[in-house]
1. Within segment 103-114, track down each residue that is outside any loop (DSSP other than H, G, I, E, B) and exposed (fewer than 12 other Cβ atoms within 10 Å of the Cβ).
2. Tell me, please, whether a residue that is part of a loop (DSSP other than H, G, I, E, B), in contact with a strand residue (DSSP E or B) (Cβ under 6 Å, 6 or more places away or on another chain) and surrounded by 14 or more Cβ atoms within 10 Å (Cβ to Cβ) can be found in segment 138-151.
3. Mind listing whichever residues of segment 115-137 are without any contact (Cβ under 8 Å) to a residue 40 or more places away in the chain, out of contact with any helix residue (DSSP H, G or I) (no Cβ under 6 Å at 6 or more places or on another chain) and surrounded by 16 or more Cβ atoms within 10 Å (Cβ to Cβ)?
């Protein structure tokens, strides 16, 4: 089993319900189980144009799947939740990102792990710290040092 962390976000079509439903769907992925999920947070949108605020969380999973198979399963869940991939960083019903996949470093055409924008996103760092406050990133950087350097960006716990 590999412990991995998944970022969840939504700012369309009842975001709280989207995240609750996504967690249930993730727990049904074969040879994968949700071990814990962070509290939900409201955050300012990152991306183009006017958008509603996001609801974000992080889930800890244990899985036997390879990283790209997990990615396939997560993208199928996004699609089931009405995700449309038209505008980069645009509003969305559901966004599921593999943040960390054990201590692995991966860089393929489809997937980069650790997620390259973790250090600049408090809506990832804060809920990740809720689940694993003593986590050390695969490059040896303590999560707490990333958290101290990250801008606040209107994040608040729901």
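Coordinate-derived values only; no laboratory data. These figures come from a predicted structure and were not determined experimentally. Using ideal geometry, Cβ is built from the backbone for each residue, glycine included, and neighbour counts are taken over all protein chains shown.
1. Going through segment 103-114, the residues outside any loop (DSSP other than H, G, I, E, B) turn out to be 106-107, 112-113.
Listed by number, the list holds a single entry, 107.
2. Checked against the condition, which is being part of a loop (DSSP other than H, G, I, E, B), in contact with a strand residue (DSSP E or B) (Cβ under 6 Å, 6 or more places away or on another chain) and surrounded by 14 or more Cβ atoms within 10 Å (Cβ to Cβ), segment 138-151 yields no hits at all.
3. 137
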